[in-house]
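The values are calculated or read from the model by the stated rules, or taken from the named source; none is laboratory data. On a predicted model such as this, the values are computed, not experimentally measured, just so you know. Calculation scope for accessible area: heavy atoms of the full protein, side chains included, ligands and nucleic acids excluded. Shrake-Rupley method; radii C 1.70, N 1.55, O 1.52, S 1.80 Å.
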Amino acid sequence: MGLQCQVEHESFSKKEAVGLIAFDIMARMGNKRVFGELTLGPQNSIYKLEEQSGDARFYGSLNRLRLGIGGGIYMINKEEFKWSVYTTLLQGVAFQKRNLYSTLDMTSLYRLQIQPGMKFRIGQFFFGFHCGFTLVNEFSKQQEYVVGGSLGLVF
C-alpha cells in the first residue's frame, strides 16, 4: 500500500498546455522480480498557458477520477533500495467538460492513457519519472507529449 502525488505536463501545441496533479492510493503485489499495481485517485488541473502571452496561469478545478492498472519489473530489488520499470494503463472519467483554449475543446468525459516509466524507492519513500501516450483523448486534438514525475510513500 502507498500514497503518491503525480505531476504531469500535457502539451497540445507551442502555446497550449495544461499541468495536472494527481493524488493516488496504490496497492502493489509481487515477488522478487515482478509486481502488479492498482491506483485510484483524483486528478486536478493546475495551470494553463495563456494563448497570447505564453505565460502559465494557475487555475484549479477537480477534473477527473483515475483508475490505473499496471505492472513492472524490478531492475534492483534490495531491502533499502529498489529500482523498477513499469507500465500503467490509466482510465480517467471527468466530472465536467471545460474549454481551456479557443482551439481546444473538451469533447468527451472519458480518457485512456498508457504510462511507461521508472521508479526509485529508498526506504519508505519513492520518486519516479514517466511519459504518457493518450490512446483515447477527451480533448479535440492529441497531445504533442505528456511527461511527468511522482513522489510517494509506501507503508
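Points worth noting:
- Averaged per residue, the chain has 53 square angstrom of accessible surface, using a 1.4 angstrom probe with ligands and nucleic acids left out.
- Within the full protein context, the accessible area of residue 23 is estimated at about 110 Å² for a probe radius of 1.4 Å.
- For segment 19-37 versus segment 88-130, the inter-centroid distance based on Cα atoms is 14 Å.
- Pairs of lysine residues in the chain that meet both criteria, 8 or more places apart or on different chains and Cα atoms under 29 Å apart, total 16.
- Surface share of carbon and sulfur [accessible, 1.4 angstrom probe, percent] for the chain: 67
- Label of the coordinate-derived value, P(r) over Cα pairs in 5 Å bins from 0, in percent, listed as (1) 2, 8, 11, 9, 7, 6, 5, 4, 4, 4, 3, 4, 4, 4, 4, 4, 4, 4, 3, 3, 2, 2, 1, 1, 1, 0, 0; (2) 2, 10, 19, 21, 20, 13, 9, 5, 2, 0, 0; (3) 2, 9, 17, 24, 17, 12, 9, 6, 3, 1, 0: (3)
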